[in-house]
1. Fully extended, how many nm does the chain gain between GLU83 and ASP28 (0.36 nm per residue separation, minus their Cα-Cα distance)?
2. Which one, ALA607, GLY531, LEU586, projects farthest toward the positive side of the charge dipole computed for segment 514-623 from Cβ point charges (K/R +1, D/E -1)?
3. Rg and Dmax of segment 663-715, Cα atoms, in Å?
4. Count the net charge of all other residues whose Cβ sits under 14 Å from the Cβ of ALA113, scoring Lys and Arg as +1 and Asp and Glu as -1.
5. Regarding segment 591-715, what are the three Cα extents along the principal axes, ordered largest first, in Å?
6. What number does the chain give for Rg over Rh if you use C-alpha atoms and the Kirkwood radius?
7. In sequence order, what are the phi-derived ³J(HN,Hα) couplings for segment 217-222 according to the Karplus relation 6.51 cos²θ - 1.76 cosθ + 1.60 with θ = phi - 60°, rounded to whole Hz, with x for glycine and proline?
8. Given bins 10 angstrom wide, list per bin the percent of all Cα-Cα distances in segment 400-541, short to long.
Amino acid sequence: MIEQKWTQKRTFCRVCEPACGLVATVEDGRLVALAADRAHPVSRGYVCNKGLYGADLHNDPDRLKVPLRRVAPGRFEPVGWDEALADIAARLRAILDRDGPGAVASYTGNPAAFNSLFGPAFGGLLGQLGVRTGFSSGTQDCANKFAGSEAVFGTRTLHPLPDIDRSDLIVLFGENPAVSHLSFVSMPHPMQRLKDAQARGARIVYVNPRRIEAAAIAGELLPIKPDTDVYLLAAMLHAIDRGPGFDAAALQRHGRNVEALRAFIAPWTPERVAPVTGIAAETIRALARDFAAAPAACAHLSTGVNMGRQGTLAYWLLHMLVFVTGNLGRPGGNFYSQGFYARSTAAGANGPRAMVDGPFGRMRQPGGVGIALPGTLLADHVLNPDAPIRAMFVNSGNPVLSIAGEARLRKAFASLELLVCVDIYRNATAEYAHYILPAAGAYEREDINLTGLGLQDQPSVQFSEAVVSPAFERRPEWWIYGRLAQRLGLRSPLDGLDGLDGEAAPPELWARVDAMLRSRGQSMAALREAGVLLFERTRPETFFDEHLPTDDHRVDCCPQAFAEAIARMDAIFDELAAEPPGQLKLIGKRDAFMLNSWYANLPKLKAQGRDHNPLFMHPDDARSRGIADGERVRIANRFGAIEAAVRLSDQLMPGVVAMTHGWGQGASPGLSVAQRSPGVNCNLLLPSGPGAFEPISNQSHMTGIPVEVSPARAG
Ligand SMILES: Nc1nc2c(c(=O)[nH]1)N[C@H]1C(S)=C(S)[C@@H](COP(=O)(O)OP(=O)(O)OC[C@H]3O[C@@H](n4cnc5c(=O)[nH]c(N)nc54)[C@H](O)[C@@H]3O)O[C@H]1N2
Ligand SMILES: Nc1nc2c(c(=O)[nH]1)N[C@H]1C(S)=C(S)[C@@H](COP(=O)(O)OP(=O)(O)OC[C@H]3O[C@@H](n4cnc5c(=O)[nH]c(N)nc54)[C@H](O)[C@@H]3O)O[C@H]1N2
Ligand code: SF4
Ligand SMILES: [Mo]
């Protein structure tokens, strides 16, 4: 008999929101390959290159293997877990005793959202320590969505999805599903769904300053000048109100403050916003009319709008566009998808966050789901002479490269008495760490796809055991923070379970998920048994009566909470209108070869000239500046200056330049491949510090940044 050396295990991808099903091949206890799970009931065999490359990432020789302690700047030595955690606990205790919990802070990065036991483990520890100063990648990403839905729907966890399969008109603002696979909509293979929609006659419009990859597959482009979507949306509402009219029945049954909305949109005529948005008034009117007239129309927006200066207002107006046309809670319009928790919209309804005057200006009071301190103020808080932060935990994040203001961030991290980074790599931020702790990777821990809750087109939940045991000295976060809690003499989910080896999590940590599942007649035990549980797709018509958590089941059409932000709209509009012709604006450009800053170390993704991040520029803009394709240019503004090679692209609107973020790995010796092809950090050109974020959401301003571009030889 031949001994079988390999096995296959069903698991799922932890990189982005669709959580595509994967089959892992395990040989001698090692993960050797990941493939699409053809039998998966939701992703049905879809997987993208980042999912497949998860195996390369898993086996990257540069991944952290053992805890590291800094002995000198840039020099680390291996250390045992006991010694590392004992020393971290002692130093943390000393700082807490001396300066109190206000001197300790955390930064939680994006992959933590795909690590379902991280939250209870880390939150449990910080809660006991009284640490409340929390930063996260969320303010670089989507904080406006939480603030917007809180005000309009009374909950931060209600984000109506576009019902793509049944819609006649689908309008997508600031997103590129062909590359990024959507955010705040969990749907494997969105381009197939959009292609199918187009084939049955639906019209798809991408509102975007760049002719994105998605537009080449299905749909048309409506080019817009960056950072102006809020004015386009206001003018579309204006045109609907003055043209075909709002859906009276919908407003009467489910609207509140409708007259205030009408008063708000009155001055935003299509003619007025046309020069600022770059869209002709007649085009705005026609799109508005079509949206109102379509039997069913849906809309969605993502990071291209989130990262503008008025993402919260834009999200409000997007909700309004859908609502006043009767498309909220209509098949083919936008709907709420409940998923595996009966009270999922209630989770974000725990009281609106007030505005507060912090040491660095007005902002939304942090706390609860989705509202963190502004990331652009991280350095300010750490370096605040009146109340400096002395110790920080950074978990699965790389703020040095993901937030604006790299130089000040480096200074801030270098000033800390204690920095602990928990990551799978020694990343740019970890260079400043006193301890770098090796986390178990996605395939070395048990997990469920929690992030999709309330956002899944087809609700489902999947459990994956650890596909392989954590290799070397890696440990899941629940073990790391659980052990640290014990070292600090605090209660820990590991209490009484000393035999745990880091693979199976203590049941206590799954208790909340178990309770959620029980609300839908399921349980953690049933999920473990089944692997994947499917839930019925939520009927759109249940939106108001069953899911909107406001007492009167009404939508606030003009929230009082927006008064300050609305008052700023004219000033920003005037500023945009006064820009000189030819002013260049920088936007982001995600591609399939990077994932924020952390797919930077895979040699396969650097091939074919992908070893740097160029500046994409329209040929007309290059010609008028005497710049040739491939030439090195200087990109500068009042925040900073960088150099990069130019790549001409007529996909961009003239006046718009684009760069991929996450590069600038020259000072990341822990990532040998990335360091050899460092590229440049375009976040040096973003505003940082006070004033660089939207006060009502704490969301950073990261798109539509004015820049000058000149040949590098001249500079
Ligand atoms: N200019 C510009 N800047 C941007 C953006 C942009 O579009 N333009 N996008 C923004 C967005 S949307 C986001 S979400 C942020 C991201 O901001 P961050 O989350 O701060 O940055 P990432 O590069 O995603 O860093 C993730 C880190 O987690 C580590 N990691 C990966 N998997 C695991 C794991 O399983 N466990 C642990 N412990 N660590 C893990 C990786 O090695 C990496 O170091 O960046 C933002 N920055
Ligand atoms: N390959 C890959 N996939 C990813 C990621 C990645 O880094 N690489 N990151 C993941 C993460 S963390 C996230 S949050 C999601 C994000 O997913 P998406 O939000 O879809 O992100 P992008 O693909 O960057 O799309 C943003 C779009 O906005 C456009 N844009 C820029 N400025 C403006 C503007 O002012 N107005 C309008 N209307 N459009 C504008 C840009 O041209 C771009 O096409 O992607 C996830 N998936
Ligand atoms: S789309 Fe996202 S979840 Fe699916 S395989 Fe690609 S990276 Fe993974
Ligand atoms: Mo993100």
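1. Numbers: separation 55, 0.36 × 55 = 19.80 nm, distance 3.08 nm.
Here the answer is 16.7 nm.
2. The residue sitting farthest along the positive end of the dipole is ALA607.
3. 15.2, 43
4. Working: positive: ARG14, LYS145; negative: GLU17, ASP141, ASP447, GLU477.
Within the 14 Å Cβ shell, the charges total -2.
5. Largest first, segment 591-715 extends 41, 37, 27 Å along its Cα principal axes.
6. Details: Rg = 24.8 Å, Rh = 26.1 Å.
When Rh is taken as the Kirkwood radius, the ratio is 0.95.
7. Couplings: 9, 7, x, 10, 9, 10 Hz.
8. 10, 29, 29, 22, 9, 0
The values are calculated or read from the model by the stated rules, or taken from the named source; none is laboratory data. What you see is a predicted model, and the numbers here were worked out from it, not measured in a lab. As a convention, Cβ positions derive from the backbone with ideal geometry for all residues, glycine included, and neighbour counts pool all protein chains shown. Note: areas computed on protein heavy atoms with side chains; ligands, DNA, RNA excluded. Shrake-Rupley method; radii C 1.70, N 1.55, O 1.52, S 1.80 Å.
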